1. How about region 35-51: which of its residues are open to solvent by less than 30 Å² (accessible area, probe 1.4 Å) and out of contact with any helix residue (DSSP H, G or I) (no Cβ under 9 Å at 6 or more places or on another chain)?
2. Given the structure, is Ser97 among the polar types (S, T, N, Q), surrounded by 15 or more Cβ atoms within 10 Å (Cβ to Cβ) and modelled with pLDDT under 85?
3. Restricting to region 72-122, what's the tally of residues that are part of a helix (DSSP H, G or I) and in contact (Cβ under 8 Å) with a residue 60 or more places away in the chain?
Amino acid sequence: MVYAFLASVLIFAAVVMLHVQHSRVGDRLLQRSFEGLRFPAGTGSLRVDEITVVKRVTHEVSRHSDHAPLAAFWYCVGPGPNYYVAVAQYERNGWRSGRYQWVVRPIDEERMRGALGGDPDALHAAFGDHVEGMLRA
């Protein structure tokens, strides 16, 4: 009985470790695919190193993949300030592979505030010290 319990604990631990590893692989793939994006601006386009991601929202859309395919919404701020939402969707390319496709859309300040409304840290990162309804020391 004790051996069966220990065996089940070991199997559970192995499954958890595999899940964590797969999530990390998916996160790395998502970040790598983001790095090549360009963001439209009045003076042309901005590179990723010229913008700041202030909030990342991801949603798992399938449990049947090696790389945990996700839909991702990354809210970004560029100089100006310019506000963007970068939307990624995982597209399968066969049974065990695929890639992320990104669409970058400029959004206005009102939409950005609405999207970040429940996250004081993201609001602070996007708009600085003055966030309506919130005092900072």
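1. Passing the criteria: Leu46, Ile51.
2. Values: among the polar types (S, T, N, Q): yes; surrounded by 15 or more Cβ atoms within 10 Å (Cβ to Cβ): no; modelled with pLDDT under 85: yes.
No.
3. Our first condition is that a residue be part of a helix (DSSP H, G or I); within region 72-122, this holds for 109-116, 120-122.
Right, trim to in contact (Cβ under 8 Å) with a residue 60 or more places away in the chain and you get 115-116, 122.
Total meeting the criteria: 3.
The values are calculated or read from the model by the stated rules, or taken from the named source; none is laboratory data. Model, not experiment: these values are computed from the prediction. Cβ coordinates were reconstructed from backbone atoms using ideal geometry, including for glycine residues, and neighbour counts include every protein chain displayed. For accessibility, only protein heavy atoms count, side chains too; no ligands or nucleic acids. Shrake-Rupley method; radii C 1.70, N 1.55, O 1.52, S 1.80 Å.
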